[in-house]
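A.B. asks: Quick one: structure below, then a few questions.
The values are calculated or read from the model by the stated rules, or taken from the named source; none is laboratory data. For clarity, every value in this text was computed on a predicted model and none was experimentally measured. All Cβ positions, even for glycine, are placed from backbone atoms using ideal geometry, and neighbour counts span all protein chains on display.
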Amino acid sequence: MPSQAHLGLPTLGVLAEGAVLLRGFALEQSEELLLGIAAVCEYAPFRHLVTPGGLRMSVAMTNCGAVGWVSDREGYRYAALDPDSRLPWPAMPPTFTALATQAAARAGFPGFVPDCCLVNRYEPGARLTLHQDRNERGYTAPVVSVSLGVPAVFQFGGLRRTDPTTRADLEHGDVVAWGGPARMNFHGVLPLREAEHPETGNLRYNLTFRLAR
Ligand code: MD6
Ligand code: FE
């Protein structure tokens, strides 16, 4: 049987019940997304947040949207103001919102309208240890994650940290959406390998869309 890729359609993979990998879903908009990231970080620069335990995160972060995800010695939370500038986060570009809504619908989560886009920047060696996304007010909405630039290995596990994980290579333009029975599953990103991408150099960017409030 011919694969969907063979037919020129984006392929759809299932990482777990409720967790869908949409290969190349954001490829057409990738240039526009990177321009959007450049605009966001001009106003709200990337910074390395500190965990509640006092460790500097290897992934640099910024946000756009009504609220942004932040971490400091006080804990993880969503905040309407950028703690560095004390200004509101930049508005979410309409192309970002539209892409998140379309990807969620394709993955089986219609009507998703995010109020937060966390923008992650990975340099070689940067990683995200296994965690659950649990700082949102409710968990009925999915999480939508868009990968740009250098590929990374994504780990997707179960509801317990010790559950077995599956691994997926997330490449430029790939989107993962998880919700429903997978909404609280543990996930993480292995240390970024040294590589070059024509549009981002040795960096990986990730957009993570959520409904936080
Ligand atoms: C990624 N990021 O960068 C996935 N979750 O591909 C996340 O899962 C994530 O960056 C919670 C808080 C920050 C994150
Ligand atoms: Fe996460």
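A.B. asks: Test residue 139 against the stated conditions and say whether it is among the aromatic types (Phe, Trp, Tyr) and part of a loop (DSSP other than H, G, I, E, B).
C.D. replies: Values: among the aromatic types (Phe, Trp, Tyr): yes; part of a loop (DSSP other than H, G, I, E, B): yes.
In short, yes.
A.B. asks: For segment 99-112, does any single residue satisfy the condition of being within 23 Å of residue 188 (Cβ to Cβ) and either within 15 Å of ligand 1 (Cβ to nearest atom) or without any contact (Cβ under 8 Å) to a residue 24 or more places away in the chain (or both)?
C.D. replies: yes
A.B. asks: Take segment 122-151 and flag every residue that is within 13 Å of ligand 2 (Cβ to nearest atom) and surrounded by fewer than 24 Cβ atoms within 10 Å (Cβ to Cβ).
C.D. replies: 127, 128, 129, 130, 131, 132, 133, 134, 135, 136, 139
A.B. asks: Could you check segment 116-165 and list, in sequence order, the residues that are over 18 Å from residue 182 (Cβ atoms), touching a His at 6+ places or on another chain (Cβ under 8 Å) and not small (Gly, Ala, Ser)?
C.D. replies: Hits for segment 116-165 are 148, 150, 151.
A.B. asks: Hey, any hits in segment 191-205 for a residue that's β-branched (Val, Ile, Thr) and in a strand (DSSP E or B)? Break it down into steps so the answer makes sense when it comes.
C.D. replies: Initially, segment 191-205 is screened for residues β-branched (Val, Ile, Thr), giving 200.
Subset that is in a strand (DSSP E or B): none.
No, every residue in segment 191-205 fails to be β-branched (Val, Ile, Thr) and in a strand (DSSP E or B).
A.B. asks: Still on this structure, I have one more. In this structure, does residue 183 turn out to be of a type in the set (Lys, Arg), within 16 Å of ligand 2 (Cβ to nearest atom) and surrounded by fewer than 15 Cβ atoms within 10 Å (Cβ to Cβ)? Can you show your working first?
C.D. replies: Numbers: of a type in the set (Lys, Arg): yes; within 16 Å of ligand 2 (Cβ to nearest atom): yes; surrounded by fewer than 15 Cβ atoms within 10 Å (Cβ to Cβ): no.
Here the answer is no, as residue 183 does not meet what is asked.
A.B. asks: Return a yes/no flag: does segment 161-169 have any residue that is in a strand (DSSP E or B), within 13 Å of the chain's Cα centre (by Cα) and aliphatic (A, V, I, L, M).
C.D. replies: Taking segment 161-169 first, the residues in a strand (DSSP E or B) are 166-169.
Within this subset, residues satisfying the condition of being within 13 Å of the chain's Cα centre (by Cα) are none.
No, because not a single residue in segment 161-169 is in a strand (DSSP E or B), within 13 Å of the chain's Cα centre (by Cα) and aliphatic (A, V, I, L, M).
A.B. asks: Report yes if residue 75 is touching a Pro at 6+ places or on another chain (Cβ under 6 Å) and surrounded by fewer than 17 Cβ atoms within 10 Å (Cβ to Cβ), otherwise no.
C.D. replies: Working: touching a Pro at 6+ places or on another chain (Cβ under 6 Å): yes; surrounded by fewer than 17 Cβ atoms within 10 Å (Cβ to Cβ): yes.
It is true that residue 75 is touching a Pro at 6+ places or on another chain (Cβ under 6 Å) and surrounded by fewer than 17 Cβ atoms within 10 Å (Cβ to Cβ).
A.B. asks: A follow-up question, please. So residue 146 ticks every box in (1) assigned to a loop (DSSP other than H, G, I, E, B); (2) touching an Asp or Glu at 6+ places or on another chain (Cβ under 8 Å) but one. Which box is left unticked?
C.D. replies: Among (1) assigned to a loop (DSSP other than H, G, I, E, B); (2) touching an Asp or Glu at 6+ places or on another chain (Cβ under 8 Å), residue 146 violates only (1).
A.B. asks: Is it the case that residue 200 is closer than 23 Å to residue 46 by Cβ, within 13 Å of ligand 2 (Cβ to nearest atom), crowded, with 16+ Cβ neighbours inside 10 Å and in contact (Cβ under 8 Å) with a residue 40 or more places away in the chain?
C.D. replies: When the stated conditions are applied, residue 200 does not pass them.
A.B. asks: A further question on this structure: Would you mention how many residues in segment 152-170 are free of Cβ contacts under 8 Å to residues at least 60 places away in the same chain and either away from ligand 2 (no atom under 15 Å from the Cβ) or surrounded by fewer than 15 Cβ atoms within 10 Å (Cβ to Cβ) (or both)?
C.D. replies: Residues flagged as free of Cβ contacts under 8 Å to residues at least 60 places away in the same chain and either away from ligand 2 (no atom under 15 Å from the Cβ) or surrounded by fewer than 15 Cβ atoms within 10 Å (Cβ to Cβ) (or both) within segment 152-170 amount to 8.
A.B. asks: Name the residue, out of 173, 188, 201, 138, that is touching a Ser or Thr at 6+ places or on another chain (Cβ under 9 Å), more than 9 Å from ligand 1 (Cβ to nearest atom) and at pLDDT 95 or above. Can you show your working first?
C.D. replies: Values: 188 fails: more than 9 Å from ligand 1 (Cβ to nearest atom); 201 fails: touching a Ser or Thr at 6+ places or on another chain (Cβ under 9 Å); 138 fails: touching a Ser or Thr at 6+ places or on another chain (Cβ under 9 Å).
Unique residue meeting the criteria: 173.
A.B. asks: Criterion first (in contact with a Ser or Thr (Cβ under 7 Å, 6 or more places away or on another chain), of a type in the set (A, V, I, L, M, F, W, C) and modelled with pLDDT of 95 or more) does residue 50 satisfy it?
C.D. replies: Details: in contact with a Ser or Thr (Cβ under 7 Å, 6 or more places away or on another chain): yes; of a type in the set (A, V, I, L, M, F, W, C): yes; modelled with pLDDT of 95 or more: yes.
Against the criterion (in contact with a Ser or Thr (Cβ under 7 Å, 6 or more places away or on another chain), of a type in the set (A, V, I, L, M, F, W, C) and modelled with pLDDT of 95 or more), residue 50 qualifies.
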